[in-house]
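Input: a single structure, listed below in structure tokens.
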Amino acid sequence: MHELFMTAIVSDRDAVTARGILEGFCSMAEVHTITRVLFYQGPEHAAGFKTNRGTDKTPIGRAWNDLNQFLNKQSFILQARYALQPDDFQSSSQSTPAPSNNLDRRLGTLRWNDIADPLPRGVFHTQRRMLEIRHQDHLPTILAQNKHEFKSECIQESYLWHRNGIEFSLERRYQLPEDASGEPKAPRAVLPPVSELVPLDTSWVLHMRAFVPDRSPERTHEAVETMMALRYHLRRIFDFKQFDRRVFDTRVMGPPSSNMPLPLPQHVTINQV
């Protein structure tokens, strides 16, 4: 699968207005989602993804095989993503912590993103290969078995709309309060109250994106044309553009093995690029 997207920055003070505009533009009510995103860093030297717990018995075995091929060539930072409900967070009125969440027992999505394809100047979209393995349990165990180390986690808030097969997603990420024991070496057993989450940035990120199958040039061209037409309609409101592809680079820094650009530092503020 390939993901094609354009990106615009929306200030926090304009976020509510932007949501109203997109709701009218797409003729649909917004869909509000909260997602827990865990980041796992692969080994310095690419080693594939072979020791998958029980995946040979699942109908998504082909996706695991594809992931193994990608990670045999290059090591990446992978995401384990879990949809959240309000009761997944500790209540601020609770005198004792909420029950521990066993992520191995929860169904999540494993996401891999390749570095974006190089595109010429004047092109407004970013294009990259991606792979998602959905409704999978035991993700933390599977990742640990494959020497992927837990690095950090955040909470992502998103508002979603669709028009003409194109998705609009207004997103912001929040960091969890510092752990008293220092840098956590594993996902937190208990999520803090929502009131304790801190935005990672003062702005929101708006993506306009399409998903097309691999090796589908006609559908890719159609998706780009549709996004360009939507961009034109919204040109006086949102400044959709393409950022340097390294902003979205999830490769793990290792010994130079090609002429590919090196990844940017771990922390990049997108609206300063």
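Tabulated data for the structure shown
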quantity: Phi-based couplings in Hz for the stretch 240-249 (Karplus 6.51, -1.76, 1.60; Gly and Pro marked x); calculated: 6, 7, 9, 9, 3, 4, 6, 4, 9, 7
quantity: Calculated from backbone phi, Karplus (6.51, -1.76, 1.60) coupling profile of the stretch 202-210 in Hz, x at Gly/Pro; calculated: 7, 10, 9, 10, 9, 10, 10, 9, 9
quantity: Under-5 Å amide H pairs with G108, H placed in peptide plane, nonlocal only; calculated: H135, Q136, D137
quantity: Extension gain, V190 back to R13 (0.36 nm per residue minus Cα-Cα distance, nm); calculated: 60.6 nm
quantity: Long-range amide H partners of L200 with built H, under 5 Å; calculated: R173, Y174, Q175
quantity: Order of D88, D104 - criterion: other Cβ atoms within 10 Å of each residue's Cβ, fewest first; calculated: D104, D88
quantity: Mean separation of Cα contacts under 8 Å (6+ apart) over length of the chain, as relative contact order %; calculated: 30
quantity: Cα shape, the chain, gyration tensor, a/c 1.5 rule; calculated: oblate
quantity: Residue-averaged 222 nm ellipticity for the chain, from DSSP H runs of 4+ at -39500 (n - 2.57), nearest 500; calculated: -5500 deg cm²/dmol
quantity: Those lysines that a straight Cα-Cα span of less than 16 Å connects to K73, excepting residues fewer than 8 apart in one chain; calculated: K50, K147
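A short reminder: the numbers here are calculations on the coordinates, not readings from a lab. Note that this is a predicted model, so its numbers are computed, not measured. Every residue, glycine among them, receives a Cβ derived from its backbone with ideal geometry; neighbour counts consider all protein chains shown.
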